[in-house]
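Asks: Starting off with a structure, shown below.
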Amino acid sequence: MIQIKKGKNIKLDVSGFTLIELAVVMSVLALLLVIIVFAINISKMKSRDSLRLSHVKGIGIILDNEDIQSPSSDIFGCAKPNSLIQSCAGPKRILDIISYKDPKIGAANPCKGGDSVSKNICGYSISNSAGGGSPKTNDYEICFYLERGTKDFPRGIYSISMGGIIDAGCD
């Protein structure tokens, strides 16, 4: 217990941080957190784009191999333009492509070409090379969207056709 005598000044030696110092430190920490979250989101988008490119190249290889075994075969089940690849039902190894799904949204919202170009992430869709229905193993176009882009392909919608040729846009 401290006893204070009348008329004497007591100086208390209290050390600690002021409210302003604490606010500055918290602001710096909040800024660092925002930078880290932003960097992580960019990394996630880039990795999803890499996976998309890998998927569509794999789908193209499957279709090209099927064309070698059964030239000019119809791809069953995806007769409408811009059908999701999950709707394809054959022939033979074509069923392997249904396991490929967009890493962010899965198998929903097919990518579309022409006047209604998709402006957002969309599922892999298949059409013939002119953008119409009834694709064949030697006449197809698979549309997909890159949300961040890569060094060679900026953000946007792309298509892959026979021989693994990737083009900007989608018919």
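The values are calculated or read from the model by the stated rules, or taken from the named source; none is laboratory data. These numbers come from a predicted model, not from an experiment. Here the Cβ is made from the backbone with ideal geometry for all residues, glycine too, and neighbour counts use every protein chain on show.
Asks: In this structure, is Cys111 farther than 25 Å from Met45 by Cβ, crowded, with 17+ Cβ neighbours inside 10 Å and touching a residue at least 12 places away in the same chain (Cβ under 8 Å)?
Replies: Working: farther than 25 Å from Met45 by Cβ: no; crowded, with 17+ Cβ neighbours inside 10 Å: yes; touching a residue at least 12 places away in the same chain (Cβ under 8 Å): yes.
The answer is no for Cys111.
Asks: State the number of residues belonging to segment 45-58 that are under 11 Å from the mean Cα position of the chain (by Cα) and either surrounded by 14 or more Cβ atoms within 10 Å (Cβ to Cβ) or within 26 Å of Gly163 (Cβ to Cβ) (or both). Step through it out loud before you land on a result.
Replies: Taking segment 45-58 first, the residues under 11 Å from the mean Cα position of the chain (by Cα) are 45-53.
Then drop every residue that is not either surrounded by 14 or more Cβ atoms within 10 Å (Cβ to Cβ) or within 26 Å of Gly163 (Cβ to Cβ) (or both), which leaves 45-46, 48-53.
Residues meeting the conditions: 8.
Asks: Let me ask something else about it. Among the residues of segment 132-171, write down those that are farther than 22 Å from Ile61 by Cβ and either in contact with a helix residue (DSSP H, G or I) (Cβ under 8 Å, 6 or more places away or on another chain) or part of a strand (DSSP E or B) (or both).
Replies: Matches in segment 132-171: Glu147, Arg148, Gly149, Pro154, Arg155, Gly156.
Asks: Of all residues in segment 75-90, count the ones that are assigned to a helix (DSSP H, G or I) and touching a helix residue (DSSP H, G or I) at 6+ places or on another chain (Cβ under 6 Å).
Replies: First, pick out the residues of segment 75-90 that are assigned to a helix (DSSP H, G or I): 85-87.
After this cut, where a residue has to be touching a helix residue (DSSP H, G or I) at 6+ places or on another chain (Cβ under 6 Å) as well, the list is 85-86.
The qualifying residues number 2.
Asks: Check off (1) loosely packed, with under 14 Cβ neighbours inside 10 Å; (2) at pLDDT 85 or above; (3) among the small types (Gly, Ala, Ser); (4) more than 17 Å from the chain's Cα centre (by Cα) for Ser99 and give me the number that stays unchecked.
Replies: The one condition Ser99 does not meet is (4).
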